[in-house]
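Colleague: Handing you this structure, nothing more for now.
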Amino acid sequence: MVSDALPHSLDIQCLLPWQGLLPVLVCLLPALYPELKPIQSINAHPSNCICIKFDPMGKYFATGSADALVSLWDVDELVCVRCFSRLDWPVRTLSFSHDGKMLASASEDHFIDIAEVETGEKLWEVQCESPTFTVAWHPKRPLLAFACDDKDGKYDSSREAGTVKLFGLPNDS
């Protein structure tokens, strides 16, 4: 296990290079940055990796790729535990919910996929009028913010402005 081989004070970083390789690097102390030491490379995708996010519980990280797949990885074992294949275009952005139970992913598809992390089940499909550039969950609530490429159409296309939209989920408390 990778985490057993590392002192707990180390910061694990992942970089996203070409060709789907995902090298895992270690930075000993923030003061020593940018001296990173490779500890392992993973063949994560058959095409380029575009984005990566760690879940807030530290159990998983997810990668999004030009192959339109989202892969969920176990941090300790560095094995892929699940793939999400509901997008048709390269995955641009990922975000885990505050409790690590949901994963939002988006691309040039006109929807955002929200999946349950543990089962891979689709929970919601948020419809969008244009491709999504970024998604981000609220740090304490089940509230998703997202920004799309929606300057055309009903918005004032003469302005250099974008919009941020919200998708709220029912709160358990």
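Colleague: What residue, of Leu16, Leu29, is at pLDDT below 75, surrounded by fewer than 16 Cβ atoms within 10 Å (Cβ to Cβ) and out of contact with any Ser or Thr (no Cβ under 6 Å at 6 or more places or on another chain)? Show your work before the answer.
Modeller: Working: Leu16 fails: surrounded by fewer than 16 Cβ atoms within 10 Å (Cβ to Cβ).
Result of the check over Leu16, Leu29: Leu29.
Colleague: Being in contact with a strand residue (DSSP E or B) (Cβ under 8 Å, 6 or more places away or on another chain), surrounded by 15 or more Cβ atoms within 10 Å (Cβ to Cβ), at pLDDT 90 or above and not in a strand (DSSP E or B) is true for just one of Leu72, Leu94, Leu87. Which residue is that?
Modeller: Leu87
Colleague: Sticking with this structure for a sec: Which of (1) more than 19 Å from Phe146 (Cβ to Cβ); (2) over 10 Å from the mean Cα position of the chain (by Cα); (3) crowded, with 20+ Cβ neighbours inside 10 Å is the odd one out, the single condition Val79 does not satisfy?
Modeller: (3)
Colleague: Can you tell me which residue is modelled with the highest pLDDT among those in region 120-137 that are loosely packed, with under 14 Cβ neighbours inside 10 Å and outside any strand (DSSP E or B)?
Modeller: Within region 120-137, the match that is modelled with the highest pLDDT is Glu121.
Colleague: Related question: Could you count how many residues in region 100-151 are touching an Asp or Glu at 6+ places or on another chain (Cβ under 7 Å) and among the charged types (D, E, K, R)?
Modeller: Number satisfying all stated conditions: 7.
Colleague: How about region 32-50: which of its residues are in a strand (DSSP E or B) and either at pLDDT 90 or above or aliphatic (A, V, I, L, M) (or both)?
Modeller: As a first pass, look at region 32-50 and keep what is in a strand (DSSP E or B): 36-43, 49-50.
Hits for region 32-50 are Leu36, Ile39, Ile42, Ile50.
The values are calculated or read from the model by the stated rules, or taken from the named source; none is laboratory data. What you see is a predicted model, and the numbers here were worked out from it, not measured in a lab. FYI the Cβ positions are ideal-geometry reconstructions off the backbone, even for glycines, and counts take in every protein chain you see.
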